[in-house]
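Colleague: Have a look at the structure that comes next, please.
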Amino acid sequence: MPEEIVIEKGLHQLSPSKLAAFVTCPVMFKARYLLGIKTPVSPSMVLGRAVHAALEKLGRFRQLELEIGLPELILEFNEAFKADIDKESIEVKPDEESKLRAGGEALVKVYFDRFGQERPMASELHLDETLINPVTGEAYQRPVLNGTEPGDLGLYGILDSLLDEGDGLVVVDYKTTSRTSADSTIMLTHRMQLLCYAYLMQRASDKPVKALEIRQLVRKKEPDIAVTRVPIPSKLSYAPMFMAVESLLASLQSGAFLARYGWHCHGTCEGYGLCSPLG
Ligand code: SF4
């Protein structure tokens, strides 16, 4: 395990994933984002990324009101899948690979059948906004750490898709998964991510954000899409997000990262080797 903490460039800004990791477990955050420990990429992660690439292509075409057919999207999926398998040097047995490919193609098809004609306002929208204290109006500052230049602390996120429904904007996020999560679970497990997206969008646009929508693409025998829409109240409180930001900055400053054991713990966690009191 590396002794010295190497601050990665990304610590100049926070992101929904970084905040969510810190809230889940500060040691996992430290392992992943300060020590740069990476969990090996699994074939299903590659599958999820390839499905995402196909959906991104669909969104970009539909945003420009261009037609695109299912065969082109399946091709996009397969090319992205192969390129990622090669890049990550993952060994997949041929029968497992064809099973994964068939599962991914089925997900792209089911998505295309349901949302193929939807016209997003933006697809893969990159947003970068300064974090401003909602009470004092002051901009949060980057932590004083080796390798981090002083300056305003930003929040950076990528929105999968953005819809304009006339009476407000809807932020859409895709998740590829092997089983459907209930709406209540989605709202709880993705609460930080949803708050971050709402914050980014409300700072970036004059139009109100009326809802956040998570589309679970579920890999099962009969592939399915489960949609959870979370309405945004006009007076949304960002307090949990800023409490997480402040707690993270305090941990970075003090160097103290507390392990948060729970149902999310597993042997492939990046922080697994750091968190055990028994060594
Ligand atoms: S395995 Fe360890 S580092 Fe990972 S989430 Fe659990 S307590 Fe945190």
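The values are calculated or read from the model by the stated rules, or taken from the named source; none is laboratory data. In this text, all values refer to a predicted model and were calculated from it rather than measured experimentally. Positions of Cβ are generated from backbone atoms using ideal geometry, with glycine treated the same way; all protein chains shown enter the neighbour counts.
Colleague: How about region 92-135: which of its residues are outside any strand (DSSP E or B), under 21 Å from Val209 (Cβ atoms), in contact (Cβ under 8 Å) with a residue 60 or more places away in the chain and charged (D, E, K, R)?
Modeller: none
Colleague: Could you check, for region 261-276, whether at least one of its residues is crowded, with 18+ Cβ neighbours inside 10 Å, within 16 Å of the ligand (Cβ to nearest atom) and at pLDDT below 90?
Modeller: Taking every residue of region 261-276 in turn, at least one turns out to be crowded, with 18+ Cβ neighbours inside 10 Å, within 16 Å of the ligand (Cβ to nearest atom) and at pLDDT below 90.
Colleague: Moving on. If the Cβ limit is 8 Å and pairs must be 6+ apart or interchain, which residue in region 10-33 that is of a type in the set (Lys, Arg) pairs with which residue that is within 11 Å of the ligand (Cβ to nearest atom)?
Modeller: Final answer for the pair search is Lys18/Phe29; Lys30/Phe257; Lys30/Gly271; Lys30/Leu274; Arg32/Ala21; Arg32/Glu270; Arg32/Gly271.
Colleague: Checking the condition over 18 Å from Gln216 (Cα atoms) and out of contact with any helix residue (DSSP H, G or I) (no Cβ under 9 Å at 6 or more places or on another chain), which residue from Pro150, Pro143, Pro134 passes? Walk me through it before giving the result.
Modeller: Working: Pro143 fails: out of contact with any helix residue (DSSP H, G or I) (no Cβ under 9 Å at 6 or more places or on another chain); Pro134 fails: out of contact with any helix residue (DSSP H, G or I) (no Cβ under 9 Å at 6 or more places or on another chain).
Exactly one of Pro150, Pro143, Pro134 is over 18 Å from Gln216 (Cα atoms) and out of contact with any helix residue (DSSP H, G or I) (no Cβ under 9 Å at 6 or more places or on another chain), namely Pro150.
Colleague: What do you reckon, is Val227 closer than 29 Å to Arg101 by Cβ, more than 16 Å from the ligand (Cβ to nearest atom) and free of Cβ contacts under 8 Å to residues at least 60 places away in the same chain?
Modeller: When the stated conditions are applied, Val227 passes them.
Colleague: Any residue at all in region 147-155 that is within 18 Å of Lys18 (Cβ to Cβ) and among the acidic types (Asp, Glu)?
Modeller: Yes: region 147-155 contains one or more residues that are within 18 Å of Lys18 (Cβ to Cβ) and among the acidic types (Asp, Glu).
Colleague: So which residues in region 140-155 are within 26 Å of Ala198 (Cα to Cα) and aliphatic (A, V, I, L, M)?
Modeller: Across region 140-155, the qualifying residues are Leu153, Leu155.
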